1. Which three lengths, in whole Å and largest first, does region 530-679 cover when its Cα atoms are put on their principal axes?
2. Would you calculate, for the chain, the mean residue ellipticity at 222 nm contributed by helices, counting each DSSP H stretch of 4 or more residues as -39,500 (n - 2.57) and dividing by all residues, to the nearest 500?
3. With the convex hull built on the Cα atoms of region 203-320, state its orientation-averaged projected area in nm².
4. Is region 512-619 rounded, prolate or oblate when judged by the Cα gyration tensor, a ≥ b ≥ c being the square roots of its eigenvalues, rounded requiring a/c under 1.5 and prolate requiring a/b larger than b/c?
5. Provide the per residue accessible area, probe 1.4 Å, for the chain, rounded to a whole number of square angstrom.
6. Dividing the convex hull volume of the Cα atoms of region 300-526 by its residue count, what figure in Å³ per residue is obtained?
7. Calculate what fraction, in whole %, of the accessible area of region 396-494 sits on carbon and sulfur atoms when a 1.4 Å probe is rolled over the protein chains.
8. Hey, if you put +1 on the Cβ of every Lys and Arg and -1 on every Asp and Glu Cβ in the chain, which of L309, A325, T447 ends up farthest toward the positive end of that dipole?
Amino acid sequence: MSRWKAPHTTLLAAALVAASIPLTAPLPARAATPAGPAALASGPANPGFETGDLTGWTVTEGTAFGPGAVSTATTYWGGPFHHRGGHHLWGYAAAGDDATGTLASSTFAAPTRLSFLVSGGWDPERLQVALVRDADGARLLTQTGIDDEAYLRVVWDTTPWRGQAVHLEVVDRKTGGWGHINLDDVRVGDAAARDDNGLTFRTLGQANQPTATRDHTADPLRPQFHYTPYQGWINDPNGLIQWRGRHQLFSQHYPGAPKWGPMHWAHADSPDAVHWRELPVALTPPVPAGPADNSGIFSGSAVDDDGTLTVAYTRFTDTAAHPGATPETVEIATSTDGTTFTSGTEVISQPPPGSAAGFRDPKLFRDPVDGRWKMAVGSGDAGRGKVHLYASDDLRTWTYSGVLAEGDGTTGTMWECPDLFPLDGKWVLLYSTNEGGQSLQRYAVGTYDGSRFTAERHGILDGGGDIYAAQSYRDDAGRRLMTAWMSDWNAKEPTRIDGWAGAQALHRELFLTADGRLGQRPVAAVDTLASGPSTTVEDKTVQGSRRIGRGDAVRLRTVLDLTRTTADTVTLRLKASAAEATVLRYEKATGTLTLDTTNAGYGTPATYTTHAVPAADGTLALDVLVDRSSVEVFTGDGAALTARAYPRYRESDAVEFTTGSGRLRLKSATLTPLGSSVLTD
Ligand code: FRU
């Protein structure tokens, strides 16, 4: 049916089918090594499969790990494997997804630390790399994959079992999509923590996550000042509103896995649109009809109906599990306390004609043109995205007013998450599309007469790859605030290694620029995140490179004096070490600003561009917010570039300017450490 179903729904369905398969019993314990710990090897034999076969490893069950599983493949459909050396254990290579089996390493003495590269399917019960004690078969630590083939390094503290006879076991008991797991480059002792280049691996993996507390600081990839789910998955922001003084943020959420699944609405609120307090899940889908039933509560919006918090959302019914049902209808639910909601009431039971591509994501607003409630709903038909409009006097009975706006066929076939609002004397329409495999957050600026929107100009809201499903609201101060899912449907989600995925962008204030574009800047309260003194550099000439400072949750505000800059290209390296960096480049001649994650670490390698216009005095202001796995760049003229980036190494936290030939004149650069946005009460 719709675009998003293809990649993630099928995979999730497969995972849920697999969930009904009983687990086989663990392997029997091995006999203790008679010679005692002194005689034990210090690590597994053939730890990176560099012999080109399974020498030192034993197939203990099934066919998943025949000799054909040792692979020399360097790339898969999504890019490079990022394995080490010439070979790796690709769980798919021998017998595909449907084969199951187990593979055991040779016995070795548990070191103080052990690390390895893992990838393949996510399923903590059926797909594992496990550390097993020989004496009693105890499974001391386990790690699953990430639903991607690109390897990530997991580091384990194995001190509690130091010296004991252990082995690794690779377990594949999953069939269907992502029914395989991959392993490479097992390292022990100092080499487990430090790479051959001398840099220290970040400590990733589910064994390193705090379970008793919602401690966001322990996870090196978890943004500190962005909203993230403590566990599970989030995508679109929903139901944005300032209600009874507090900013409300709901999110599309699946608590059961760091992957898309039956959608819930997670809920958080905030006094300032920057610091977030987690609240109970607000909307919960019906009990699934079976393990493959992905029915859930899709995206929607909120209004204040005379003191009652009222949300409208898409009730998605998975027709594979419920044949004959209408897949997408609109429901309303209400809350008088802001946290508990009534169950939904259906208010639109059928999409209007011309909705073949979908009918979802209702956005409610009070229309200043005629004073009535309006609802914009995303749709598409015959290769063109569109938005339907409805009108109501009571939010319950809705009349179809026709097509609010429609694309010309060049801007996506289905417009998701539409949002129409007045701004600075014009009207703005936000919508999200998927075009040729690329997710885009589009906007149009134009006029609106109470039933039709007429676009005068079109644009991309953020030139980066990780802004999608944006939603806005007018806050009590009259500002038009917006946030968006800081990822997209095509993104790699390395944080699955730690049990969660998805983040919401910083709240941004929208405005129209002098030349009529939709501009944005971080909300002013981001200033209150400062957690220590700033470092400031003023009136400096940079030739070669200049480090401003370090930090994995920092803000850099800088003004470049382009009139006194002779370098053609100015480069700002973020999350930088000798081995990797997220690179921001400004090309003076063209005004092109590029954010480059091709050598940023794990995650999606890409280059993203926007255009930055210097101010009349020849200066270019940049406001750069670096969080543990994100970078948001705002230019002085309201353009933005947002991307996720996941450094491999602890040392990758420098913020430094470099120039090729020529000089950069830095008017100012202020680096401020930022603290956590989590409110605990
Ligand atoms: C946008 C979207 C929406 C849908 C939701 C499902 O990212 O595909 O159209 O309501 O996500 O989670």
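1. 41, 33, 29
2. -500 deg cm²/dmol
3. Numbers: hull surface 34.1 nm².
Over every viewing direction, the Cα hull of region 203-320 projects on average to 8.5 nm².
4. Values: a/c = 1.20, a/b = 1.12, b/c = 1.07.
Rounded, since a/c falls under 1.5.
5. Details: 23880 Å² over 681 residues.
Counting only protein heavy atoms, the per-residue value for the chain is 35 Å².
6. Working: hull volume 36.0 nm³, N = 227.
That works out to 159 Å³ per residue.
7. Numbers: 1540 of 3430 Å².
In region 396-494, the share of accessible area belonging to carbon and sulfur is 45 percent.
8. Farthest along the dipole direction, towards plus: T447.
The values are calculated or read from the model by the stated rules, or taken from the named source; none is laboratory data. Predicted model only: the values in this text are computed from it and were never measured. Neighbour counts run over all protein chains shown; Cβ positions are idealised from the backbone, glycine included. Each accessible area value is taken on the protein alone, full model and side chains, heavy atoms only, with ligands, DNA and RNA left out. Shrake-Rupley method; radii C 1.70, N 1.55, O 1.52, S 1.80 Å.
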